[in-house]
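The values are calculated or read from the model by the stated rules, or taken from the named source; none is laboratory data. Please read these numbers as outputs of a predicted model, since none were measured by experiment. Note: ideal-geometry Cβ built from the backbone for every residue, glycine included; neighbour counts use all protein chains shown. Side chains are part of the model used for accessible areas, which takes the heavy atoms of the whole protein and leaves out ligands, DNA and RNA. Shrake-Rupley method; radii C 1.70, N 1.55, O 1.52, S 1.80 Å.
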Amino acid sequence: MANANDHVLAARIASETGDLLVRLLDEHATSERPRGGIEYLGDRAAHEFIVAQLARHRPDDAVLSEEGYDDPARLDASRVWIVDPLDGSSDYGWSATWSVHVALVEDGRPTAGAVAVPGWETTWATDPQPRSIMSRVGPKPLVLVSRSRRNVDGRRLHRAMDVEIAALGSAGVKAMAVVRGEADAYVHGGYLYEWDSCAPVAVAQAAGLSACRIDGTELEFNKARPATSGLIICRPELRDGIVDAMASPD
Ligand SMILES: [Mg+2]
């Protein structure tokens, strides 16, 4: 099991990585930023910081990072940190919808984690647990989808359920919008890498939300191919309806 310090460490690393990424933007005036460049600087700096922190504080643990070499030794490790140093990198420097994901996985399940959203000046972690917000956002459930899948996932959900749809970037930001009660669900019908979903799932579950694959089955992490077929993070009472809607024919 994760120990108390794992929760604290995840939160601290996510927060400090977020601060580092904000400083990097401050050092590069908007007019001087190379388009398609600042996010690469951010990816690299954030990855190196996270890997160095984990090497220092958890030297025996394995690491899977979006920006790192995938060492297959992680498959035999009992503790694996799955990190996305900068999620939503295409928004980095241009909007608030980017995040930092740090999660610890044991036996295929996230046991500690944190998501930092510097644009909202907040880091959510598994302990202390986020305050559960179970009141409905509006008269109809608000479901967040990815911009790239708005016409697929959004259309399917809207046709099958009485819901409102909105699209925005970053898996972590969409998941935290549900955690903080600004939306009722986040649904992604396509593949996601484990670094996209792992820390958001850890935090969402700690907040009392449901998290599952698109077909309602349990999520599993630290797989040989670190990807997941779809993701639902939602208020528990919406889960069955979303699973049914996403299984409906085109
Ligand atoms: Mg990334």
Qualifying GluC sites (Glu not before Pro) for the range 120-182 [loop in DSSP, other Cβ within 10 Å: at most 16]: 121, 182
Contact order relative to length of the chain, as percent, for alpha carbon pairs under 8 angstrom and 6 or more apart: 19
Equivalent ellipsoid semi-axes, the chain, via Cα gyration tensor eigenvalues times 5, rooted, Å: 28, 22, 17
DSSP-loop chymotrypsin sites (Phe, Trp or Tyr not before Pro) across the range 1-106, with at most 11 other Cβ within 10 angstrom: 69
Sequence-separation-based contact order of the range 4-125, relative, with Cα cut under 8 Å and 6+ spacing, percent: 30
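Give the Rg/Rh ratio for the range 142-247, taking Rg as the radius of gyration of the Cα atoms and Rh as the Kirkwood radius, to two decimals.
Rg/Rh for the range 142-247 comes to 0.92.
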Pair residue 48, residue 3: separation of 7 Å Cα→Cβ label points (nm): 3.1
Within a Gaussian network of the chain (alpha carbon springs, distance under 10 Å), most fluctuating of 139, 85, 200: 139
Cut-off 12 Å between beta-carbons: net charge of the residues surrounding residue 157, Lys and Arg +1, Asp and Glu -1: +1
Quarter of the Cα convex hull surface for the range 4-125, i.e. its orientation-mean projected area (nm²): 7.3
Å² of accessible area per residue within the chain, as computed with a 1.4 Å probe and no ligands counted: 44
Accessible surface of the chain, 1.4 Å probe, proportion on carbon and sulfur as whole %: 48
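Sum -39500 (n - 2.57) across every DSSP H segment of at least 4 residues in the chain, then divide by the residue count to get the 222 nm mean residue ellipticity, nearest 500.
-10500 deg cm²/dmol
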Charge tally in the Cβ shell below 11 Å around residue 109, where Lys, Arg are +1 and Asp, Glu are -1, residue 109 excluded: -4
Charge context of residue 232, other residues only, Cβ under 12 angstrom, K/R +1, D/E -1: -2
Crossing angle, helix 4-27 versus the chain [Cα axis fit, 0-90 degrees, rounded to tens]: 80
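Longest span of the chain, sites excluded, free of trypsin sites (Lys or Arg not before Pro) in DSSP loop with at most 14 other C-beta atoms within 10 Å?
36-130
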Residue 96 versus residue 57: modelled label distance in nm, points set 7 Å from Cα along the beta carbon direction: 2.6
Most mobile listed residue (91, 76, 196) in the chain, GNM with C-alpha springs under 10 Å: 76
FRET efficiency, residue 225 to residue 147 (Cβ-Cβ, R0 30 Å, nearest 0.05): 0.75
